[in-house]
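Take a look at the structure below.
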Amino acid sequence: MRRNTGVTGYGQARNARPRRQLHSFALIAAILVSSCSGDGSADREYRTNPAYLAPNQAGLSALLRGGTRFAAVSADESRAAEVGREILLGGGNAVDAAVAMYFAMAVTLPSAASLGASGACIVHNARTRAGEVFAFAPTPAPGPVHGTSFTVPVGVRAVTLMHVRHGQARWEQAVAPAERLARLGVPVSRALARDLQAGGATLAADPEAVRYFSRRSGGLLAEGDNWAPLDLAATLGVIRQRGGADFFSGTFARFLSDQVSRIGGNLPIETLRSSVPISGAPPAQDYRGYKVYVAPAPLAGARALAGWNGEPAPSTAVPTNSGGIAGLAAVDTGGGAAACAFSMGQLFGARIMVPGTGILLGAPTPDAAAVSPVVVGNPQNGEFKFAGAGGGSPAAAYATGAVARLALQNDQPVGAALVSRRGQGGWVNAMACPEGIRSGAVSCNSGIDPAGSGLALIVDSR
């Protein structure tokens, strides 16, 4: 018997549908209430080292194609992508993989995707044929920490609701991989090492943040160092055991509120309970019977559609670090898809670590809302065509829309689309099935921008 204990009640059988639905509806009420190659040496140089970084900082690159079946994951941090792959291999769907990658990135790339980040996730549910958005826009907390404003952490609440509505695997299965990474240790990735090199000095004002990101022998963490953020492991353990609701309305919520008070800030438990994600039908544009789904205002869905529609691009350079913005995407063999984009407002967010929690708080800057994933699905037959999200720049939402346009309207492989953009406007993680995942999975492909440090993995290409 397959079980789905999740946040809907531990030990509850999946085939006990009426009881599971009651628990799910109760939790939903609680949550709501309380992105191939070009010719010539220039393109070859770009694909090898587009940001002209030192050899030990060059990113990873991939152009991956599907077969008769297709499932894939892609993320701005490589270990998180590996976690998503394992979830799909274990029987989870795209939403389960996205949730697991979210928690993993909180461990492996907190500079851009801490549990304190703002952002949005978009789901294409192939079974219901509908798209749904789960947006957690930046909301300033009532009281700054020694004059530094920060945002209310709402991401855990958003992905909890997303999992209740669209997840397939147990909740514990989605959270446990990140907890293991934090508890047992994980090598510092190139993505995080880049960010620490670029912005580690900005953490100096917060002793807790300095301690969190430092080697025992002194100095900040570097690529390859084994890192075990035990405070975050404990937080993830609570989320795994008690469900996501405890983060915003239970014992952990009170602990988080108290810890923020201890460092001079103000985050009342009432604020945690009343700060809710936006969920429902996402803004969309019609495309040949499909819908191009983006995030709602105040997030950057309009910028993503500008990229999709080929409007003039913002003038931006190739990023050399995350800039506090990251993305991920997943698609399963059934055609279900999920993509998420996150922002800390700036590199390392507010540069404040909540003691005892491993939560780096986000900053309420304009860039905190400058994110949007893009998902293209068919509400009539449930077909899937594209899922992607970007990082590295506030223009990543535009870049994601532009990659979607090149992949679908211009019929370019995702990898070729990324090379043609040369990393401008941010790094895009994406997968596309121009002929649809059900009718022509052989057309499916996935890729990551070679300027970034992420990873794209095909899970099923039979």
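Structure above, values below:
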{"item": "When residues of region 426-455 are limited to those that are over 13 Å from P413 (Cα atoms) and among the hydroxyl-bearing types (S, T, Y), the one least open to solvent (accessible area, probe 1.4 Å)", "result": "S453"}
{"item": "Condition met for G84 (under 22 Å from S446 (Cα atoms), in a loop (DSSP other than H, G, I, E, B) and in contact with a helix residue (DSSP H, G or I) (Cβ under 9 Å, 6 or more places away or on another chain))", "result": "no"}
{"item": "Output for region 81-125, where each listed residue is open to solvent by 10 Å² or more (accessible area, probe 1.4 Å) and of a type in the set (A, V, I, L, M)", "result": "L88, L89"}
{"item": "Tabulated pairs, region 319-336, first closer than 17 Å to G388 by Cα, second among the hydroxyl-bearing types (S, T, Y), C-beta under 7 angstrom, 6+ apart or interchain", "result": "S322/S111; I325/S343; I325/S393; L328/S74; A329/S74"}
{"item": "Residues that are in contact with a helix residue (DSSP H, G or I) (Cβ under 9 Å, 6 or more places away or on another chain) and over 12 Å from F348 (Cβ atoms), drawn from region 180-193", "result": "R180, L181, A182, R183, L184, V186, P187, V188, S189, R190, A191, A193"}
{"item": "Only listed residue being open to solvent by 40 Å² or more (accessible area, probe 1.4 Å), touching a Ser or Thr at 6+ places or on another chain (Cβ under 7 Å) and not in a loop (DSSP other than H, G, I, E, B), chosen from R254, R273", "result": "R273"}
{"item": "Single condition V371 does not satisfy, out of (1) modelled with pLDDT of 95 or more; (2) part of a loop (DSSP other than H, G, I, E, B); (3) more than 23 Å from A81 (Cβ to Cβ)", "result": "(3)"}
{"item": "Flag if A158 is among the hydrophobic types (A, V, I, L, M, F, W, C) and more than 25 Å from E270 (Cα to Cα)", "result": "no"}
{"item": "Among residues of region 126-148, those that are open to solvent by 20 Å² or more (accessible area, probe 1.4 Å), in a strand (DSSP E or B), more than 17 Å from G345 (Cα to Cα) and not hydrophobic (A, V, I, L, M, F, W, C), counted", "result": "1"}
{"item": "Residue among E223, E172, E179, E208 that is under 17 Å from the mean Cα position of the chain (by Cα) and either farther than 23 Å from C340 by Cβ or acidic (D, E) (or both)", "result": "E179"}
{"item": "Count of residues meeting criterion [open to solvent by 30 Å² or more (accessible area, probe 1.4 Å), within 22 Å of A80 (Cβ to Cβ) and in a loop (DSSP other than H, G, I, E, B)] in region 186-244", "result": "5"}
{"item": "Members of region 301-322 found to be part of a loop (DSSP other than H, G, I, E, B) and closer than 14 Å to V428 by Cβ, listed by number", "result": "A313, T316, V318, P319, S322"}
{"item": "Residue list for region 115-158, restricted to those being of a type in the set (K, R) and farther than 18 Å from M101 by Cβ", "result": "R127, R129"}
{"item": "Any chance D332 is farther than 22 Å from A451 by Cα, charged (D, E, K, R) and within 20 Å of the chain's Cα centre (by Cα)", "result": "yes"}
{"item": "All strands (runs of 3 or more DSSP E) inside region 416-462 with 1 or more residues being modelled with pLDDT under 85", "result": "445-448, 455-460"}
{"item": "Of all residues in region 313-332 being open to solvent by 40 Å² or more (accessible area, probe 1.4 Å) and in contact with a helix residue (DSSP H, G or I) (Cβ under 8 Å, 6 or more places away or on another chain), the one that is modelled with the highest pLDDT", "result": "T320"}
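For every residue, the table says whether it meets (1) farther than 26 Å from A368 by Cβ; (2) at pLDDT below 95; (3) out of contact with any strand residue (DSSP E or B) (no Cβ under 7 Å at 6 or more places or on another chain).
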site	(1), (2), (3)
P142	no, no, no
T148	no, no, yes
L161	no, no, no
R170	yes, no, no
G199	no, no, yes
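The values are calculated or read from the model by the stated rules, or taken from the named source; none is laboratory data. Just so it is clear, the structure is predicted and the values come from calculations on it, not from any experiment. Cβ sites come from the backbone with ideal geometry, for glycine too, and all protein chains shown count toward neighbours. Note: areas computed on protein heavy atoms with side chains; ligands, DNA, RNA excluded. Shrake-Rupley method; radii C 1.70, N 1.55, O 1.52, S 1.80 Å.
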